[in-house]
1. Which residues, taken from segment 240-259, are open to solvent by 20 Å² or more (accessible area, probe 1.4 Å) and either within 19 Å of GLY131 (Cα to Cα) or among the small types (Gly, Ala, Ser) (or both)?
2. Hey, can you tell me all the residues within segment 93-132 that are on the phi > 0 side of the Ramachandran plot and touching an Asp or Glu at 6+ places or on another chain (Cβ under 8 Å)?
3. In segment 260-288, which residue that is of a type in the set (Gly, Ala, Ser) and either assigned to a strand (DSSP E or B) or in contact with a helix residue (DSSP H, G or I) (Cβ under 9 Å, 6 or more places away or on another chain) (or both) is farthest from ILE224 (Cα to Cα)?
4. HIS249 - would you say it is of a type outside the set (A, V, I, L, M, F, W, C), closer than 25 Å to THR62 by Cα and touching a residue at least 24 places away in the same chain (Cβ under 8 Å)?
5. Every residue in segment 63-86 that is open to solvent by less than 20 Å² (accessible area, probe 1.4 Å) and either farther than 24 Å from PRO31 by Cα or touching a Ser or Thr at 6+ places or on another chain (Cβ under 8 Å) (or both), please.
6. Would you mind finding the one in VAL310, VAL285 that is touching a residue at least 60 places away in the same chain (Cβ under 8 Å) and buried (at least 21 other Cβ atoms within 10 Å of the Cβ)?
7. Which of (1) open to solvent by 10 Å² or more (accessible area, probe 1.4 Å); (2) over 20 Å from CYS150 (Cα atoms) is the odd one out, the single condition LYS118 does not satisfy?
8. Which count do you get for residues in segment 24-50 that are over 16 Å from LYS325 (Cα atoms), assigned to a strand (DSSP E or B) and open to solvent by 50 Å² or more (accessible area, probe 1.4 Å)?
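The values are calculated or read from the model by the stated rules, or taken from the named source; none is laboratory data. These figures come from a predicted structure and were not determined experimentally. Don't worry about glycine lacking a Cβ; one is built from the backbone with ideal geometry, like all the others, and counts go over all protein chains shown. To get the accessible areas, we keep the full protein, side chains included, count just its heavy atoms, and leave off ligands, DNA and RNA. Shrake-Rupley method; radii C 1.70, N 1.55, O 1.52, S 1.80 Å.
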Amino acid sequence: DFRRVVTLYNPPSSNNPNANTIIRTSSLASPTMKLSGHKGSIYTLAYDPPGETLCSGSFDSTCLLWNASGNCENFNVLLGHKNAILDCKFTNNGEKVITASADYNLGVYDVRTGERLKRFMGHEGIVNAVGVAKDASPCLAVSASDDRTCRMWDTRVRSEVGCLEDQFQVTAVAYSNDGLTVFSGGIDNCIHAWDVRQMKRTMTMKGHTDTITCLSLNPKGTHILSNSMDGTLKTWDIRPFVDSGKKRHDKTFVGGTHNAEKGLLNCSWSADGTMVTGGSADRIVHIWDELSAEELYSLPGHAGCVNAVVFHPKENVIASASSDKSIFVGELS
């Protein structure tokens, strides 16, 4: 068994002051921190691109903004939604947060002031996910909804700028890095690629056997990671040309679980693309090595389903959010 179990808090073993001079690897005040403040389950987490701010979205219909270093103080609350917030993303310039909510709307918030700049209305069902493009305009976003559509938005414009119609409810969405392709996943267990310029489907990737709960692009933009209710995470090669005879499905990561709550558990990559992680219903944060698909870390501590896990964009730090209404931020040893 290659899994390393890391204790969340290890009290110093002796009174010798030099005994616990652990070499610290991050700007956190202590190696593991618990952030409390939400009044309901926390469904989503996101770091801004410089890694200075952490945003969390919750069933209590608010997002909280936290400092990503030091004591991780909560410095802002994003209000305005009337139902649970299911997903949130920072724009690629880090200036705005875009939220997806069960009140059928999306919100655009200013990170510095916390005020809502825009409300995107148009979906006729719960908005499950939102995606932004890493290298395209910071004004662009795409959302996925139970109304069986993905809609494209521009923060400079009031209404949607495009709509991709599927046959099934869409539960996950991601933009390619260049913003020219949208990837969607839903209750049909497939991942679809859509050409934004032609507004049509270009490819379908099959392999999961249950609803896809999250899609996440790797930093290079060559592979996409999916989490599914079938209890696996999978990576897929999304480069334009794949050797004929070679399937686009690349690796499968096992160890995480889903449960009867049917939550849209997230998945994410480390900043260098060498590790992957995802939400899990067994209350444990699982982290896998991308190359070998071996589980590297199995981190206990949460008292409820782990809905979201994200890597810090610059430091060796991970943040996890749970249905126990708390967030853990900690260093990886």
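1. Listed by number, the residues that qualify are SER244, GLY245, GLY255.
2. GLY94, TYR104, GLY122
3. SER280
4. no
5. Within segment 63-86, CYS63, LEU64, LEU65, TRP66, ALA68, LEU78, HIS81, ALA84, ILE85 meet the criteria.
6. Being touching a residue at least 60 places away in the same chain (Cβ under 8 Å) and buried (at least 21 other Cβ atoms within 10 Å of the Cβ) holds for just one of VAL310, VAL285, which is VAL310.
7. Only one criterion is unmet by LYS118, namely (2).
8. 0
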